[in-house]
Amino acid sequence: MPVNRFAVDIELRKDIWMDYGVEVKLLAITPDNENLLEMAGRICYASVGKLGISEKWLQSRIKQGHESLIEHASATFYIKASRALTHELVRHRIASYSQRSQRYVKETKEDYITPPELSEETGPEVVRAFHQAMSAAWEAYRQLLDAGVKPEIARYVLPNACTTEIICTWNFREIRHIIKLRTSPAALPEFQVIAEKIREIMRIQSPKIFIDL
Ligand SMILES: Cc1cc2nc3c(=O)[nH]c(=O)nc-3n(C[C@H](O)[C@H](O)[C@H](O)COP(=O)(O)OP(=O)(O)OC[C@H]3O[C@@H](n4cnc5c(N)ncnc54)[C@H](O)[C@@H]3O)c2cc1C
């Protein structure tokens, strides 16, 4: 049953969420988005008078492939994750992004994502090697800065694991696309965690558009 599955999913996602230490926060969303999108769709069929009479009307349009109508609503998220993650995230092009700069901001704090797979599937030596590599990278970074090298050049020694912050705005069609692609087991595990959280938020915020995902 969909309702039970949803409840279980939220519980599972919280577990994964804690492990990666990433953050996803909804900052803004189109107000009254379900009514707005149904209005957009009903204009097409001259049936605005039937607005709100069927819970499943928007889901039926989506299933038909009439998805342009859900582009009229959008959401803005704050995401804190690794640079490895955001490199993949910004491949989604129907979007607006603003990301913490490594050219203008000094990354002096040794702040990085440790993939939980390292502790689960590998031994303590491998975990130690990972943290040593991080410390060595930051040590080199600080040496370069101390020598007068600009942050935009010194950052070349920083790892993919480096934590970053990004603000993302996507329309609902693109959010559905991202959820479908990135909750797949084929996606990067850190991206699966982010996409699961986005799915969780959107199913609560706009169930008429996201309940099937
Ligand atoms: C499991 C997985 C593995 C991947 N591996 C690699 C890899 O090894 N190397 C690599 O470079 N990338 C890789 N990618 C990234 C992938 O190729 C896409 O760049 C990324 O997922 C963005 O998705 P998209 O292009 O569908 O969607 P978006 O950019 O989010 O666009 C949404 C949709 O708009 C349409 N669209 C957007 N732009 C255009 C356009 N120019 N022309 C026509 N239609 C357009 C398409 O229908 C597209 O699906 C991988 C992605 C996944 C999920």
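Identification of helices (runs of 4 or more DSSP H) wholly contained in region 54-141 with 2 or more residues that are at negative phi and among the hydrophobic types (A, V, I, L, M, F, W, C) yields 57-64, 83-89. Could you tell me whether residue 161 is away from the ligand (no atom under 15 Å from the Cβ) and either at pLDDT below 95 or buried (at least 19 other Cβ atoms within 10 Å of the Cβ) (or both)? Criteria met by residue 161.
With the structure loaded, tell me whether residue 142 is over 19 Å from residue 200 (Cα atoms), out of contact with any Lys or Arg (no Cβ under 9 Å at 6 or more places or on another chain), of a type outside the set (A, V, I, L, M, F, W, C) and modelled with pLDDT of 95 or more or whether it fails that test.
Working: over 19 Å from residue 200 (Cα atoms): yes; out of contact with any Lys or Arg (no Cβ under 9 Å at 6 or more places or on another chain): yes; of a type outside the set (A, V, I, L, M, F, W, C): yes; modelled with pLDDT of 95 or more: yes.
Answer is yes for this residue.
Go through (1) assigned by TED's automatic domain parsing to the domain that holds residue 71; (2) surrounded by fewer than 15 Cβ atoms within 10 Å (Cβ to Cβ) for residue 146 and report which single condition fails. Just one mismatch for residue 146, condition (1). Would a scan of region 120-127 turn up a residue that is surrounded by 13 or more Cβ atoms within 10 Å (Cβ to Cβ) and not β-branched (Val, Ile, Thr)? Checking region 120-127: not a single residue is surrounded by 13 or more Cβ atoms within 10 Å (Cβ to Cβ) and not β-branched (Val, Ile, Thr). Within region 163-171, is even one residue assigned by TED's automatic domain parsing to the domain that holds residue 35 and over 17 Å from residue 78 (Cα atoms)? No.
Among the residues of region 164-200, those that are aliphatic (A, V, I, L, M) and more than 11 Å from the chain's Cα centre (by Cα) comprise 181, 186, 187, 188.
Each residue in region 167-193 was checked for being near the ligand (Cβ under 9 Å from one of its atoms) and assigned to a strand (DSSP E or B), and 1 of them qualify. May I ask you to verify whether residue 131 is touching a residue at least 40 places away in the same chain (Cβ under 8 Å), surrounded by 12 or more Cβ atoms within 10 Å (Cβ to Cβ) and of a type outside the set (Val, Ile, Thr)? So residue 131 does not fit the description; no. A Cβ distance below 6 Å, combined with a sequence gap of six or more or placement on separate chains, defines the contacts here; from region 140-164, residues that are closer than 14 Å to residue 103 by Cα reach residues that are polar (S, T, N, Q) and modelled with pLDDT of 95 or more in the pairs 155/102; 164/86.
Determine, yes or no, whether residue 105 is within 16 Å of the ligand (Cβ to nearest atom), surrounded by fewer than 17 Cβ atoms within 10 Å (Cβ to Cβ), over 30 Å from residue 35 (Cβ atoms) and within 23 Å of the chain's Cα centre (by Cα). It is false that residue 105 is within 16 Å of the ligand (Cβ to nearest atom), surrounded by fewer than 17 Cβ atoms within 10 Å (Cβ to Cβ), over 30 Å from residue 35 (Cβ atoms) and within 23 Å of the chain's Cα centre (by Cα).
In region 21-53, how many are touching a strand residue (DSSP E or B) at 6+ places or on another chain (Cβ under 7 Å) and assigned to a loop (DSSP other than H, G, I, E, B)? Give the steps one after another, and end with the answer.
We begin by selecting, within region 21-53, every residue touching a strand residue (DSSP E or B) at 6+ places or on another chain (Cβ under 7 Å); these are 22-30.
Next, from what is left, pick out any that are assigned to a loop (DSSP other than H, G, I, E, B): 22, 30.
The number of residues fulfilling the criteria is 2.
In region 58-99, the residue that is farthest from the ligand (Cβ to nearest atom) out of those that are buried (at least 19 other Cβ atoms within 10 Å of the Cβ) and free of Cβ contacts under 8 Å to residues at least 40 places away in the same chain is 61.
The values are calculated or read from the model by the stated rules, or taken from the named source; none is laboratory data. These figures come from a predicted structure and were not determined experimentally. A quick note on method: Cβ atoms are made from the backbone with ideal geometry, for glycine too, and the neighbour counts reach across all protein chains shown.
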